[in-house]
Amino acid sequence: MSETQIKVEHQGRVALVTLNRPKVLNALNNEIIAELAAAMRALDADEGVGAIVLTGSGKAFAAGADIAAMKDWSYSDVFKADYLGHDWESLRRIRKPVIAAVAGYALGGGCELAMLCDFIIAADNARFGQPEIKLGIIPGFGGTQRLPRAIGKARAMDMILTGRMVTAEEAEKYGLVARVVSAEKLLDEAMEAATTIASMSLPSVMMAKECINRAYEVPLDEGLLNERRNFHALFSTHDQKEGMSAFLEKRPPQFRQE
Ligand code: CAA
């Protein structure tokens, strides 16, 4: 496994993870995904990290699964290996907040990787798409499930069945991305958002993430009950007492992440 395919840097309590295979537009082969999943799991377990930013390099966030690597695979190869099932599942289970900072192409598995993050901040030059249909396949890393949840059935059908790319502006209008900024400001904006999140109490941040994700899994009644129980549970933390005391004493809170 090459160590140069993923770069991890730390800035205070924020980790910046960069996909670093720019010559092939960060095409996602088994090695880069395994390396990414391992790096993300390590950051999730690192007490010094409160939020993660995931970004690309060169012309792309990621232009999708590696077509050259996949071309000759048989059904039996991909089925037996459960192609990327394990690593993709483990990325999905990261409990700390992950922001995708997307510049350039986010296509196929690249768009799916961005959607697997908690929210996307896009540069004005970002392009999103699920072009798998043009290759005789379909999205395989969650695109047929996460895209309709993010932008609705009509737009997801349009993107997945025609394979067309949408601009950052359209993606913002669709609700796929949270913010669009100029390409020069992308990393600063994402790092600033992550720094803000990392300055909060980690248990409340993690519970908020968990509760929002539950909204896509369970009926409203269950989701509301789960939210209420988590809300109740936070009254057992140091940081709830500190956050409320600090507000009343008109001073910044000193969270201990517990
Ligand atoms: N896999 C492997 N290599 C890729 C790649 C990919 N997904 N995307 C780009 N590359 C490689 C190109 O082959 C090229 O390599 P060479 O220099 O060795 O020829 C290099 O990256 C630069 O790409 P281009 O010359 O094509 O760059 P461009 O600016 O002309 O076009 C692009 C950019 C429109 C993104 C075009 O590269 C493209 O269409 N890429 C493929 C996008 C795609 O189909 N993605 C879906 C993949 S399948 C998938 O992801 C399945 C899934 O859901 C799990």
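The values are calculated or read from the model by the stated rules, or taken from the named source; none is laboratory data. Note that the structure is predicted; figures quoted are calculated from it, not measured. All Cβ positions, even for glycine, are placed from backbone atoms using ideal geometry, and neighbour counts span all protein chains on display. We work out accessible area using only protein heavy atoms, side chains counted, and drop any ligands, DNA or RNA first. Shrake-Rupley method; radii C 1.70, N 1.55, O 1.52, S 1.80 Å.
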Heavy atoms of the protein only, probe of 1.4 Å, neighbouring chains included. What is the accessible area of residue 228 in Å², nearest 10? 120
Per the Kirkwood formula on distinct C-alpha pairs, the Rh of the range 127-169 is how many angstrom? 10.3
Charge dipole of the chain built from unit charges on the beta carbon (Lys, Arg +1; Asp, Glu -1), centred at mean Cα; most positive-end Cα among 91, 37, 119 is 119
Karplus couplings for the range 5-22 from phi (6.51 cos²θ - 1.76 cosθ + 1.60, θ = phi - 60°), rounded to Hz, Gly and Pro as x? 7, 10, 10, 10, 10, 10, 9, x, 8, 10, 9, 10, 10, 10, 6, 10, 9, x
Evaluate E = 1/(1 + (r/R0)^6) for residue 45 and residue 185, where r is the Cβ-Cβ distance and R0 equals 35 Å; express this FRET efficiency to the nearest 0.05. 0.65
Contour minus Cα-Cα distance for residue 192 and residue 69 (0.36 nm per residue): 40.6 nm
Using only Cα positions of the range 29-71, each an equal point scatterer, no hydration layer, compute I(q)/I(0) via Debye at q = 0.26, 0.28 Å⁻¹ and quote the log10 values to two decimals. -1.01, -1.06
Semi-axes, largest first, in whole Å: what does sqrt of 5 times each Cα gyration tensor eigenvalue give for the range 1-81? 27, 16, 9
Given Cβ point charges of +1 (Lys, Arg) and -1 (Asp, Glu) and nothing else, what value in debye, to the nearest 20, does the dipole of the range 56-215 about its Cα centre take? 400
Restricted to Cα positions, what overall size does the range 28-150 have along the principal axes? Three whole-Å values, descending. 43, 34, 29
Longer than 21 Å from Cα to Cα, which of 185/250; 153/173; 7/134; 23/71; 7/209; 7/71 are they? Say none if no pair is. 185/250; 7/134; 7/209; 7/71
How large is the helix-only mean residue ellipticity at 222 nm for the chain, computed as the sum of -39500 (n - 2.57) over DSSP H runs with n ≥ 4, divided by its residue count, in deg cm²/dmol to the nearest 500? -13500 deg cm²/dmol
Could you work out how far the C-alpha centroid of the range 2-55 sits from that of the range 105-126, in angstrom? 15
Express in nm, to one decimal, how much length is gained between residue 134 and residue 31 on full extension, taking 0.36 nm for each residue of separation and deducting their alpha carbon distance. 34.6 nm
With all protein chains modelled, accessible area of residue 77 [1.4 Å, Å²]: 70
Find the relative contact order for the chain and round it to a whole percent, using C-alpha pairs within less than 8 Å whose residues are 6+ positions apart. 16
Once you keep just the Cα pairs under 8 angstrom separated by 6 or more residues, what percentage relative contact order results for the range 177-258? 31
Top to bottom by accessible area (1.4 Å), largest first, where do 107, 161, 248 land? 248, 161, 107
By accessible area with a 1.4 Å probe, ligands and nucleic acids excluded, highest first: order of 216, 174, 75, 105: 75, 216, 105, 174
Calculated diffusion of the chain, Stokes-Einstein form, Kirkwood radius summed over Cα pairs, 10 °C and 1.306 mPa s, µm²/s: 82
Could you tell me which residue out of 141, 156, 107 lies farthest along the dipole of the range 104-258 toward its positive end? Charges go on the beta carbon: Lys and Arg +1, Asp and Glu -1, centred on the Cα centre. 156
